[in-house]
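The values are calculated or read from the model by the stated rules, or taken from the named source; none is laboratory data. Because the structure is predicted, anything quoted here is derived from the model rather than measured. Because the Cβ atoms are built from the backbone with ideal geometry, glycine has one as well, and the counts that use them run over all protein chains shown. Only protein heavy atoms, including side chains, enter the accessible area calculation; ligands, DNA and RNA are left aside. Shrake-Rupley method; radii C 1.70, N 1.55, O 1.52, S 1.80 Å.
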Amino acid sequence: MDELKAEIARLRGRIAELESAPRDDSRAGVEERVVSPSVGQHGYDYLVALVNHAPNIFFIKDLEHRYVAISRLAAQYQQMTPDQALGRSERDIFPPEIAEKMISEEVEVLASGKPLEYEQELPDPSGTRYFYTIKFPIYDTKGAPLGVGAFVTDLTDLKRSELDRLSMKEQVIRAQQAAIRELSTPLVPLGPGVLAMPLVGTIDSMRAREILETLLDGISQQSAHTAILDITGVRFVDTQVANALVSAARAARLLGARVVLTGITPAVARTLVGLESSLDGIVTLGTLASGISYAMRAGDGSTNKMPARPGSPATSNGVLQANPANGAAPLAPR
C-alpha cells in the first residue's frame, strides 16, 4: 500500500512538471486550433465568410506556387472570380518579371521559415498601385511545409494622398520662395521710366542673380531709362557684391538704361576703394533722395546739361562719374 501511494505521488509530480514545462520546440510551426469543434461542418463556411469580408487581400499557394485559396477581393484585383484563380500560379496571371519576383519571395519565405514584409508597386490600367504585403510559411501538423499564405493591403489611396500632400507642400514652398525673392529684391516704379530697388541685408551669389533678373525684367517691361539701386540697408559689401552691381549696370546699359547707386556709407566707400572692382558705368550718389532727383532730371535730359565744377571729374558717354554738385562722391580713379 505504501509503495502504491508513493508511485501515485511520483506520477502526480511528473504530471505537474509536464504541465509547467515550456512548450516543446519540436511543435514549432504546428498551427493552433482557430475554430471551435462545436461548429461542426459549418467551420469551413465561417472561415470562407471571414476571408471574403476581410478588408485585406488574402491567398494561400502550394509548394508549386498555385493558388489553393483566395479571397473574393484578391480575385477581383486580378479581374477574375476565385474559381478562375484557383489552380493558377503567378506565371499564368502576371507579366514574367513580376511573376518571377513573386515566386522568388515565396521561395525565400519557405527557405527561411519566417514571414516576409515589404511594399511593392504594380502596374494597373488606372495607374501604378501600391501594396503592403506580408507573406508567411504554412506547415502541416508534423511541421512539413505546405505552402505560403499572404495578407496584402492596398495602399494606393493613401500613397496618392501623400503624393498630393507633398506636391501641395512643394507648391507652397515655391510660392513662399517667390514671395521671399520679391521681398528681398523689390522693384518700385517712381515715375515714367524710373525704377528703384532698395536692398536690405546680405547679398550672396544667389541673391545677386535674383537682383539682376528682377532689374532687367523691370527695365524691359516698363521701358525704364534709369534704375536706382539703394544699398543703405546692405550690411556688407565685398568683391562679390561690387561685381554684381557692375554686372547689373552693364546689363542695364545693354537695354538702354543706366544704374544709379545710392546709400553708400563711408564704411562702404572705404571698402569699395580698397577693392579692385571697377564701378565704371554706375552713377554714385549719397542718398536715395538725390538718386531720385537725378533720375527725374535724366528723364528730360537735364543731367547732360549740368556743368562739372572745376577740378571734378567730367561725365563720360553721358554717365556721371562723380559730381559734387549732384551729391556724387568719387570712389576710385578712372
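Observations
- Residue match in the stretch 128-136 (condition: modelled with pLDDT of 85 or more, in a strand (DSSP E or B) and aliphatic (A, V, I, L, M)): yes
- Taken over the stretch 189-204, residues that are closer than 19 Å to A249 by Cβ and open to solvent by less than 60 Å² (accessible area, probe 1.4 Å) amount to 8.
- Those residues of the stretch 233-258 which are farther than 20 Å from M206 by Cα and either in a strand (DSSP E or B) or not small (G, A, S) (or both), in sequence order: R253, L254, L255, R258
- With respect to (1) farther than 18 Å from R297 by Cα; (2) touching a strand residue (DSSP E or B) at 6+ places or on another chain (Cβ under 6 Å); (3) among the hydroxyl-bearing types (S, T, Y), the lone exception for T226 is condition (1).
- Long-range neighbours under 6 Å by Cβ, at least six apart or interchain, first residue within 17 Å of P186 (Cα to Cα) and in contact (Cβ under 8 Å) with a residue 60 or more places away in the chain within the stretch 230-244, second open to solvent by 60 Å² or more (accessible area, probe 1.4 Å) and not acidic (D, E): D230/L288
- Where R270 falls short, out of the listed (1) more than 21 Å from L215 (Cβ to Cβ); (2) part of a helix (DSSP H, G or I); (3) at pLDDT below 70; (4) not aliphatic (A, V, I, L, M): (3)
- Residue count for the stretch 209-232 under the criterion of being part of a strand (DSSP E or B) and among the hydroxyl-bearing types (S, T, Y): the result is 2.
- For L110, the conditions (1) touching a strand residue (DSSP E or B) at 6+ places or on another chain (Cβ under 7 Å); (2) under 27 Å from R160 (Cα atoms) are fulfilled apart from (2).
- Flag for G149 being open to solvent by less than 50 Å² (accessible area, probe 1.4 Å), in contact with a strand residue (DSSP E or B) (Cβ under 8 Å, 6 or more places away or on another chain) and not aromatic (F, W, Y): yes
- Among the residues of the stretch 59-87, those identified as more than 23 Å from Y46 (Cα to Cα) and at pLDDT 90 or above are L63, E64, H65, R66.
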